[in-house]
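Okay, so here's the structure we're looking at.
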Amino acid sequence: MADQGRGRIGYDYVYGGLLCENVVSATARGIMVPAMWRLEQGGFDVLGCIHDEIWAQAEPNRSEEFKTLMCKNPSWCNMKIESDLKVGVRYLK
């Protein structure tokens, strides 16, 4: 049973795509949150995140350190983690 946004309670249908989406989102969060913590501990000022992006602020010429801290695997994860890095004075898409 779930509130469907109209003040009524009803049934939601669960299907394979929805379950897969939830597993992927939870796994991504499990990788990103420790990465954000490591960045904070490494002296980067994490400004925010959305989906699969982390925004941070630091002194110039620390991009390799940022990438190293961000791509470190959690103990439970044995897959290869890679990242793209863009450096700028404002948000870059």
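The values are calculated or read from the model by the stated rules, or taken from the named source; none is laboratory data. Every value quoted in this text rests on a predicted model; they were computed, and no experiment measured them. Backbone-built Cβ (ideal geometry, glycine too); neighbour counts: all protein chains shown. Side chains are part of the model used for accessible areas, which takes the heavy atoms of the whole protein and leaves out ligands, DNA and RNA. Shrake-Rupley method; radii C 1.70, N 1.55, O 1.52, S 1.80 Å.
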Problem - Hits in the stretch 34-61 (condition: part of a helix (DSSP H, G or I) and closer than 23 Å to Leu92 by Cβ) - result: Ala35, Met36, Arg38, Leu39, Glu40
Practice task
Could you tell me which residue of the stretch 47-61 is surrounded by the fewest Cβ atoms within 10 Å (Cβ to Cβ), considering only residues that are among the hydrophobic types (A, V, I, L, M, F, W, C) and farther than 15 Å from Glu82 by Cα?
Solution key: Ile50
Practice task
Within the stretch 65-93, work out how many residues are surrounded by 10 or more Cβ atoms within 10 Å (Cβ to Cβ) and within 19 Å of Gly30 (Cβ to Cβ).
Solution key: 9
Completion exercise
Checked the stretch 34-43 for anything under 13 Å from the mean Cα position of the chain (by Cα) and loosely packed, with under 13 Cβ neighbours inside 10 Å; matches are Trp37
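One line per residue, one yes/no per condition, for (1) charged (D, E, K, R); (2) free of Cβ contacts under 8 Å to residues at least 12 places away in the same chain; (3) open to solvent by 100 Å² or more (accessible area, probe 1.4 Å):
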{"residue": "Cys20", "(1), (2), (3)": "no, yes, no"}
{"residue": "Ala28", "(1), (2), (3)": "no, no, no"}
{"residue": "Asp45", "(1), (2), (3)": "yes, no, no"}
{"residue": "Ser63", "(1), (2), (3)": "no, no, no"}
